[in-house]
Every structure is written in structure tokens, then in C-alpha cells.
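K.L.:
This is the structure I have questions about; it appears just below.
The values are calculated or read from the model by the stated rules, or taken from the named source; none is laboratory data. Everything quoted here is computed from the prediction, not taken from an experiment. Quick reminder, even Gly has a Cβ in these numbers, built from the backbone with ideal geometry, and neighbours come from all protein chains shown.
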């Protein structure tokens, strides 16, 4: 934009609300899962698709959403994303079967994949004229992510306990309509020339979906069965086709030269393992509170608030300053290790457990690890990229995070189910299953800590830079998502 918009702070509010809602779309569902399982007939292994249908669709289409934002104009794509998100919310709210619910959640993920990158583009256009204003705008936008996760946990409990679970989706309609009306405040960015790599987008999304589906079914079919082997082989072929296309098409979604960026590969690996341990922990903790301890939806949501509040406080006010002092690598590796310790503590839960003894302290330790690792992971992935590829680096790391969460949840659900998590009403068996999942997640986080320490390059210069402007560094890293996904950061 050639002139500074006098309505830019009101426009920022619209953009921050979008970030808030995209993140809340994951966390608000968690508390309602047991009720949805009872009413829609999900099996123990199928229930995870309420989460995974969203994150696979969202993560698989993020790069395409960013490309469309450049080609069609960010405001147009932002508006279209809200329309798609609202349509998916209606389908999810009206669902009378597990299959329909999964379709609705996938459509919601498509909407989120259009909203997230276009919102970031709009923010940069509005505030790029002044670095101080940009830092403040990023801080507001960044705070919307953990706030969305925290509020989502609470509202999910309120709606499920005192109304009904479909209201966790109906809430998107009035907010969506208000956002669409307010979208006139956003700048109308012109279109750019270029092509859309539709085949590449289809290959990566279908490949990810097939990989997750195969892992989900592996516990039932057997890991050595023809179904599992051919499913994983098919996923590998589709993802390999995506890489070939990125090397050969004129306008790739992900130019492969980006992977020469320092720390990009190691940071993406760490973020995938972080998601693969954190999201399953949050998922199974919800189930333990309700199916074993007998909490209602509201009580379960309230029980998770201390954890999500700690996340928000640390990510906004503390992690950036620690990163400036110690650097990204030590915080990322140390945060993963602390998360692993919290998960091992959670694995000691009992069928007759007490929240303040068995859950609260362990969940706070896990949340501390997550809050220390998430922002340094994003910063490490983005800090070495040239300015013209910063958006691409951001899209890649957030896609990686979503993929890690989906695959981790699928694999650990298989472990939990084989250990007894499918035996509803049998509290010892359920607890054994959930404990097995927590141990598995702890192993994943610990492996992430070790690999980060071994593979990631140091960042002493980046640490010094971050110390000079810690709030700006934090706020630039948070909004790139997904993700934090609050309870679903």
C-alpha cells in the first residue's frame, strides 16, 4: 500500500479474530469428544479423526492457501476462507453420523488453510511501513493464538455441558458473519500473475491423508498386512510425486531450494516431533478426565485451563526473553526434554487418581516444556530464510507441525487402543491404554530433544538479536500458524 490506512488497527482486530478462531477450532473440540463418541458412534480408533480430519486438511492445504492469496488477492481469499469455514461448521453441527462429522471437520480445515496465510499477508501490508507498529501488531496477533486455545477449552466445556456439543460449531456462524461484514476494513491487495500447482497440492494432501489413514487402520489390520504395506507405499508415492512436481513445474508450491536454509530441516524435524507428542497428550488427557475420573465436559475444560493459561503467559511474556538470553537451540531441546518429563509423570495416572495430585502438576510441567519449545522451533525454521522466502518457510514449518500432530495422534492411538483404551467402562484398562500413550509421547519428545541437540546449528548471533527485541521476535513467530493450537497449539 502506498499510504498508511487510518483504519489499520480496526483491521488488525478483524485479522486477530480470524487467528483466534482458527486456533480455537482445534481446542474447542477436545472437551466434547466423549459426548460426540457416544452420540455419533465413533469407535476408539475412529474418534481421533475429529481432530485429524481438520489438521490434515489444514496442514496439507496451507501452502496452496498461501499461493492463492498471492494470485487472487489476500482479502478475497480471506473472505472465501471464512465462507468455507462456516459451511464446514454447519455440516459438522448437523452431522448425524461419524462420517458426516469427519467431512465437516475436513471442510473446516480447508477454510482455515485459506484464512491463515491470507491474514498474515494482510497484516504485513497494513503495518510494514513502521517496524515499531509492526511489532505491536504482531504481538496482538500472536497473543490471539494461545488465547484461542485457552478460550476454546473453556467454551467447549460450557457448550457441551449446558447446551449440546453441536454448539461448538454453531458459534462460528455469528462470528463468521460479523467478520465478513467487517472485512471491508481490510486492504484490497491486487492480484499477481502466475499459475496454481493444483496437482502438487492434491498430491501432498492426499499423500498425507493416506499416510494418516493407514496408520490409524494399522492396529486393526496389522502392521505387516497388505493393506498397511500398500497404504504406506501409496502415501510415499504421492509424496514423492509432490517432490518431483516441485522440481519440474514452473510455479511450485514449495521450491526445493528453500531446504538449503540453515536450521530449516532440523527445526522442522523438531517441530514435527513436538506436535507428535503434545497433541496426543492433550487428546488423551481429555479422555482420561472424562472417561476415567468421571468429569463432566465443563469440569474437564476447567481442569485444562491452568495448563493453557501457563502456555499463554510464557509464550507471550517470557519465552522470547529466555530465547534472547540462551538462544533458540537450547530452549527448543530443553523444552522438548521438559515435555517428555511431564509426559512420564502423566503416565503414572491411576484409575482412582486425584486431579490435583496425578494430573495438575504433571500437566503444568508438560505445558512448560511446550511453551519453551514452540516459539524457538518456529523462529529456528524461519530465521535463516531470506526475506522473500520467509512466508514459504513459515508455511512449511506450520505444515510440518500439523502433519506431525496427525501422524503422532494416529500412531499413539493405535498404541493406546492395543493397551486397552477401547474398553469403555473398564477403568483399569482405559487407564493402562492412556498411560501407554503418554509413555509413547514421552519417547517421541525425548527423541526430539536429542536430535535437536545433535543436528541443529547454534544461533548465538540470532540470540543476541532476539535479546534486543524479544517481544517482536516472539510475536513474529507465533502467528505463522497453527499452530499454537492453545491446548492445541
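K.L.:
Exactly one condition in (1) more than 27 Å from residue 210 (Cα to Cα); (2) assigned to a helix (DSSP H, G or I); (3) in contact with a helix residue (DSSP H, G or I) (Cβ under 7 Å, 6 or more places away or on another chain) is not met by residue 267; state its number.
P.N.:
(1)
K.L.:
Among the candidates 21, 36, which residue alone is assigned to a helix (DSSP H, G or I), within 17 Å of the chain's Cα centre (by Cα) and within 20 Å of residue 165 (Cβ to Cβ)?
P.N.:
21
K.L.:
Taking the stated definitions as given, is residue 324 in a helix (DSSP H, G or I) and crowded, with 24+ Cβ neighbours inside 10 Å? Reasoning before the result, please.
P.N.:
On the way: in a helix (DSSP H, G or I): yes; crowded, with 24+ Cβ neighbours inside 10 Å: no.
Judged against the criteria, residue 324 is not a match.
K.L.:
For segment 421-433, which positions are assigned to a helix (DSSP H, G or I) and at pLDDT below 85?
P.N.:
The one that is assigned to a helix (DSSP H, G or I) and at pLDDT below 85: 421.
K.L.:
Here is a further query. (1) at pLDDT 80 or above; (2) assigned to a loop (DSSP other than H, G, I, E, B): which one isn't true of residue 44, the others all being true?
P.N.:
Answer for residue 44: the failing condition is (1).
K.L.:
Please state which of the following conditions residue 137 fails to meet, knowing it meets all the rest: (1) farther than 28 Å from residue 248 by Cα; (2) at pLDDT 85 or above; (3) surrounded by 23 or more Cβ atoms within 10 Å (Cβ to Cβ).
P.N.:
Result: residue 137 passes all but (2).
K.L.:
Please work out which one of (1) modelled with pLDDT under 80; (2) in contact with a helix residue (DSSP H, G or I) (Cβ under 8 Å, 6 or more places away or on another chain) is the condition residue 190 fails and give its number.
P.N.:
Looking at each condition in turn, residue 190 falls short on (2).
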